[in-house]
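Comments concern the structure below.
The values are calculated or read from the model by the stated rules, or taken from the named source; none is laboratory data. Only a predicted model underlies this, so the values are computations on that prediction, with no experimental measurement involved. We place every Cβ from the backbone using ideal geometry, glycine too, and count neighbours over all the protein chains shown. Side chains included, ligands, DNA and RNA excluded: accessible areas come from the protein's heavy atoms. Shrake-Rupley method; radii C 1.70, N 1.55, O 1.52, S 1.80 Å.
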Amino acid sequence: MTQAAPSAVPPAKGAITGWHVLAGMVLFFAVIIAVDTLFIIKAYRSFSGVVASNPYEAGLAFNRTLAQRQREEALGWTAVIERPEPGVVALRMTDKAGQPLSALSLTGTLDRPATEVGRQILNFKPTGDGWYRAAARLDGAWDLRATARTAQDQFEIESRLVSP
């Protein structure tokens, strides 16, 4: 008895074989590795190596900021920001008991979120019952940074204002 040798049937034209899958996977990972390598090279060439030009002073400034935030929390002051009419920013300052604070010196700036162009200096004037108003151009998005002061206390206000 003789056995017939198994015959190798060639795959149908256009059929995906194991070699096609292997080549596809190798090509996929080669593209991923090439793109990652490109990003690493770009990042390495563009990084100056300086994280902060004065890291010690930046750390001290951050510690002062944290201490200021704790003092503000102990004060219990609150600020309500409104735009009662076009071209006006209004703030109402109240103390821990909800009573208006009318004897404050309040100054501030409006900055664009994405650029340093167009900064506006705000000079708030008291209008009574804890309200302070300042004229401002309010087209688009602005970051408000204001500081309310008495002779011994300071309260910082930060808010994003977006015009409709």
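Rounded to the nearest Å, what's the spacing between the alpha carbon centres of region 87-148 and region 21-58? Just the number, please. Centre-to-centre distance over Cα atoms comes out at 43 Å.
The residues of the chain expose on average 74 square angstrom of accessible surface per residue, using a 1.4 Å probe on protein heavy atoms. Here region 58-164 is described by how far its Cα atoms reach on the three principal axes: 38, 35, 21 Å, from widest to narrowest. Computed over protein heavy atoms with a 1.4 Å probe, the carbon and sulfur contribution to the accessible area of the chain reaches 61%. Of all aspartates and glutamates in the structure, not one has an alpha carbon short of 15 Å from that of Lys13, not counting any fewer than 8 places away in one chain. Annotation for Ala74 and Glu156: the two label points, set 7 Å from Cα along the Cα-Cβ direction, are 1.7 nm apart. Ellipsoid semi-axes for region 1-105, based on the Cα gyration tensor and the rule √(5λ), read 73, 25, 16 Å when sorted largest first.
With the highest mean first, a sort of the peptides 35-42, 146-153 on other beta-carbon atoms found within 10 angstrom per residue produces 146-153, 35-42. Note on the chain: GNM, Cα springs under 10 Å; of Pro84, Pro11, Pro113, the largest mean-square fluctuation is that of Pro11.
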